[in-house]
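> Dumping the structure here so I can ask a few things about it.
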Amino acid sequence: GQLPTWLQGILLRNGPGMHTIGESKYNHWFDGMALLHSFTFKNGEVYYRSKYLRSDTYNCNIEANRIVVSEFGTMAYPDPCKNIFAKAFSYLSHTIPEFTDNCLINIMKAGGDFYATGETNFIRKINPQTLETLEKVDYNKYVSVNLATSHPHYDSAGNVLNMGTSIVDKGRTKYVLFKIPSSVPEKEKKKSCFKHLEVVCSIPSHSLLHPSYYHSFGLTENYIIFIEQPFRLDIVKMATAYIRGVNWASCLAYNKDDKTWFHFIDRKTKKEVSTKFFTDALVFFHHINAYEEDGHIVFDLIAYTDNSLYDMFYLKNLGKDFEENTKLTSIPTCKRFVVPLQYDKDAEVGSNLVRLASTATAVKEKDGNIYCQPEVLCEGIELPRINYNYNGKKYKYIFATEVQWSPVPTKIAKFNIQTKEMLHWTQDHCWPSEPVFVPNPDAKEEDDGVVLTCVVKSDPKEAPFLLVLDAKTFTELARATVNVEMHMDLHGVFIPEQVVKTETE
């Protein structure tokens, strides 16, 4: 096929790539050593490159020729010949464990630089052109967080907004929202943007020892949306995981009888909205988008009724009959919540306060709390992306992978929220990755651009390829076949040519 002439830049993606080191194997697919790969678009041609992230974790493991650094689903142990006192001592130092810097989930832009990110307090700077691994950044040096999301947001000025969890710091466990500036003052050019990191606000956790797990958060023009779900980390279990010989993932628990709390922080005043909004128990990883309309906050996310998704990816479950044997017990559901920030304070108990055209409801309870029920937009999509120029604004299109009862995607989907129309791209024995929307520089409409996805064949003898779809019609414009083994990855970014140029100068 043929690439649009305006498509110039780098699609940079990240995901787990190596699951065996020497004789040792990781337990979980999300634990593998981070493998970066990129497709560079230049004058109608595509160049491919991949490289392992040379994290401290990677280097230690390779040097020892076995897994020596623990990941979320795999607990690693030092030399078993050490005596029991050494074990007791290392147990004490594991209360808040020294986390891995195997940043395998996403890519973030901060200041003029790009970073591989995971969910710990470490990120790794990388060169987007050569994929070389550069310095390690510890968020904890600049803000008190032990975990941080790998789905930051960017405001119109290019500043990064992100969230992290501060575990039992000064006797409190809280969720911290922080901002990394896009540039530093002229006279401090040598300093990193992290030195100017500022805490926007913090939200106390509902429970000191059971903070909520979260993978992303939402953003509108005036508000930050944080959802405290009853899928929680048990800090005491985590602190004793090492000595009990279990992994950290076993310290996560979902309570289906609990509430899910919505927190809305005013971006100007940095204060939380005082009304308490909640919904039933759910588990979710990905926010899609959010916006404000007529005194309401509307936000869309992909939710599950249980936490079975993580368990599917234990490598013991990923055998040759994986597709037949692995069935999700909860199908991903795209839900829209509509939350009335401005409502009649004298409204009757039991009345629905939503004034927008939606089947979503927000019902006032006796205690003044507001119980929200979502509108279901569609089912069976995951890894959602939007045209990021519409982030925080009213929007129409979601680009996603389609998963039915198996956690591995077999289709790419475009969903029109207004008409509920769904377009697909699918081909036999193809497993596509998260679709990345790249807008046409002269775009007049939201879906004017292309969708890029890496496709892995389920038959290892067949070559993987990069697929380029017209985002409007979902017809295939081109594909670039790669004659190397390619891995299923997680998330990525497209870096336009002019951004790559200025960063590397």
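> Would you be so kind as to identify which of 164, 222, 18 lies farthest towards the positive end of the dipole of the chain, taking Lys and Arg as +1 and Asp and Glu as -1 on Cβ and the Cα centre as origin?
Value computed over the given set: 164.
> Classify the range 332-481 as rounded, prolate or oblate, taking a ≥ b ≥ c as the square roots of the eigenvalues of its Cα gyration tensor: rounded when a/c is under 1.5, otherwise prolate if a/b is larger than b/c and oblate if not.
prolate
> Suppose we take every Cα in the range 136-191 and form the convex hull; what volume per residue is that in Å³?
About 98 Å³ per residue, rounded to a whole number.
> Output wanted: per-residue J couplings in Hz (rounded whole) for the range 213-225, from phi through Karplus 6.51 cos²θ - 1.76 cosθ + 1.60, θ = phi - 60°, x for Gly and Pro.
7, 8, 10, 7, 9, x, 9, 10, 4, 10, 9, 10, 10
> Could you tally the net charge around residue 166, taking each other residue with its Cβ under 11 Å from the Cβ of residue 166, Lys/Arg +1 and Asp/Glu -1?
Net charge in that neighbourhood comes out at +2.
> If you plug each phi of the range 280-286 into the Karplus form 6.51 cos²θ - 1.76 cosθ + 1.60 with θ = phi - 60°, what whole-Hz ³J(HN,Hα) values come out, in order, with x for Gly and Pro?
Whole-Hz 3J(HN,Hα) from phi for the range 280-286: 5, 4, 8, 10, 8, 10, 10.
> Check residue 214: other-chain or 5+ apart residues with amide H under 5 Å from its amide H, H built from backbone geometry?
HN-HN under 5 Å from residue 214: empty list.
> Given contacts defined as C-alpha pairs under 8 Å and at least six residues apart, what's the relative contact order of the chain, whole-number percent?
Result for the chain is 12 percent.
> Sum -39500 (n - 2.57) across every DSSP H segment of at least 4 residues in the chain, then divide by the residue count to get the 222 nm mean residue ellipticity, nearest 500.
That calculation yields -2500 deg cm²/dmol at 222 nm.
> Give me the net charge for the shell around residue 33: Cβ to Cβ below 14 angstrom, other residues only, Lys and Arg +1, Asp and Glu -1.
That works out to -1.
> If 267, 172 are ordered by their accessible area, calculated over protein heavy atoms with a 1.4 Å probe, which sequence runs from highest to lowest?
172, 267
> With the cut-off at 29 Å, tell me which of the pairs 393/457; 170/271; 270/364; 42/411 have Cα atoms farther apart than that.
Among 393/457; 170/271; 270/364; 42/411, the Cα-Cα distance tops 29 Å for 393/457.
> Once amide H atoms are built 1.01 Å from N in the peptide plane, which residues 5 or more positions from residue 379, or in another chain, come under 5 Å H to H?
Amide H to amide H, under 5 Å and 5 or more residues apart or across chains, residue 379 pairs with 334.
> Any idea how far the Cα center of the range 347-361 sits from the one of the range 175-215, in Å?
35 Å
> Something else about it: Order the following by accessible area, largest value first: 426, 57. Probe radius 1.4 Å; ligands, DNA and RNA are ignored.
Ranking 426, 57 by accessible area, largest first, yields 426, 57.
> Moving to a separate point now. Amide H of residue 450 versus every other amide H placed in the peptide plane: which residues, excluding those fewer than 5 positions away on the same chain, fall under 5 Å?
438, 440, 471
The values are calculated or read from the model by the stated rules, or taken from the named source; none is laboratory data. Predicted model, so just to flag it, every value in this text is computed and none were measured. For neighbour counting, all protein chains shown are included, and Cβ atoms are generated from backbone atoms with ideal geometry for every residue, glycine included. We work out accessible area using only protein heavy atoms, side chains counted, and drop any ligands, DNA or RNA first. Shrake-Rupley method; radii C 1.70, N 1.55, O 1.52, S 1.80 Å.
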